[in-house]
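This report refers to the structure that appears directly beneath it.
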Amino acid sequence: MTRVNRTEDRPVTTVEAHAHAWSPKTARVRFREGLAGPTAGVAAGHTQANLIAVPADWAYDMLLFCQRNPRPCPVLDVTDAGSPTTVLAEGADLRTDLPRYRVWRDGELVDEPTDARAYWRDDLVAFLLGCSFTFEWALGRAGVPIRHVEEGRNVPMYVTGRECRAAGRLRGPMVVSMRPVPPEHLRAAIRESSLLPAVHGGPVHCGDPAALGIEDLGRPDFGDAVTVADGEIPVFWACGVTPQAAVMASRPPFAITHAPGQMFLTDARDEQYRLVGVD
């Protein structure tokens, strides 16, 4: 099973105390100016997205990988080769408007810049994938605690023992995010997230982390450990960091991704992706 080489931990806090009230455009401007940090709780009610950009000759493999693994890799948009723009955010620049990026060469992490323009190439095709931060507003409205937001941490993410369905040259394990949920809120957490399949949907597992091949909740592969109180249930959702695990396992010559937990803020509202008529 592939495991992640963790980079040096940084102190993690929310990006700014009033970031929940920002518009997506304001958030993107602040990130373009160099502000970095986890985007959980930023621009309330707006859809967040994971990013992976690969050379055009790998783009079909990536699209097929996403199609075959829709829970961790729900596609919201795919750009034309070389284009840093997306229909999800007017005037945005995918090279500058995320808090932090990761740059990969032959499956190895080589840099984590806050501006990717120096690395962007004319042959890159960017994929924007749904992010579970989007449904956290629905969880919060239903009374479900969001522990990493409460503690000012990045959401904990784990590489699992579940292999994704391979696609062409791409293979790798599923990555999951974890939120501890009190038993009385479990039904609401499942219901509210399941109504948003375009941003990962309902949990892939509730309970014993060993069933996913996770040995220690206190040592996430990405993000930060959070408090799990006595009696709380670890609940795991498929995570859009899964393509980064595929990059490490499959070693394409080049890729640019978001830094885990530091997402692209779109102009789309959460309601655009919420199923209707099934409440």
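The values are calculated or read from the model by the stated rules, or taken from the named source; none is laboratory data. This is a predicted model, so every value here is computed, not measured. Note: ideal-geometry Cβ built from the backbone for every residue, glycine included; neighbour counts use all protein chains shown. Keep in mind that these areas ignore ligands, DNA and RNA; they rest on the heavy atoms of the full protein, side chains included. Shrake-Rupley method; radii C 1.70, N 1.55, O 1.52, S 1.80 Å.
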Filter region 230-279 for residues that are out of contact with any helix residue (DSSP H, G or I) (no Cβ under 8 Å at 6 or more places or on another chain), surrounded by fewer than 24 Cβ atoms within 10 Å (Cβ to Cβ) and part of a helix (DSSP H, G or I) and give the result. MET248, ALA249, SER250, GLU271, GLN272
Conditions (1) in a loop (DSSP other than H, G, I, E, B); (2) over 19 Å from PRO243 (Cα atoms): number failed by ARG191: (1)
Single match in ALA211, ALA142, ALA138 (criterion: farther than 25 Å from LEU63 by Cα, touching a helix residue (DSSP H, G or I) at 6+ places or on another chain (Cβ under 6 Å), surrounded by fewer than 17 Cβ atoms within 10 Å (Cβ to Cβ) and among the aliphatic types (A, V, I, L, M)): ALA142
Checking HIS205 against (1) without any contact (Cβ under 8 Å) to a residue 12 or more places away in the chain; (2) over 26 Å from ARG100 (Cβ atoms): exactly one of these is not met. Which one? (1)
I'm trying to understand the selection: among the residues of region 59-117, which are open to solvent by 50 Å² or more (accessible area, probe 1.4 Å) and among the aromatic types (Phe, Trp, Tyr)? TYR60
So which pairs qualify, if the first residue must be in region 16-30 and assigned to a helix (DSSP H, G or I), the second must be modelled with pLDDT of 95 or more and open to solvent by 50 Å² or more (accessible area, probe 1.4 Å), the Cβ gap must be under 6 Å, and the two must be at least 6 apart or on different chains? PRO24/ASP267
So ARG191 ticks every box in (1) over 24 Å from GLU271 (Cα atoms); (2) surrounded by fewer than 17 Cβ atoms within 10 Å (Cβ to Cβ); (3) among the basic types (Lys, Arg) but one. Which box is left unticked? (1)
Being assigned to a strand (DSSP E or B) and at pLDDT 95 or above narrows GLN48, GLN67 down to just GLN48
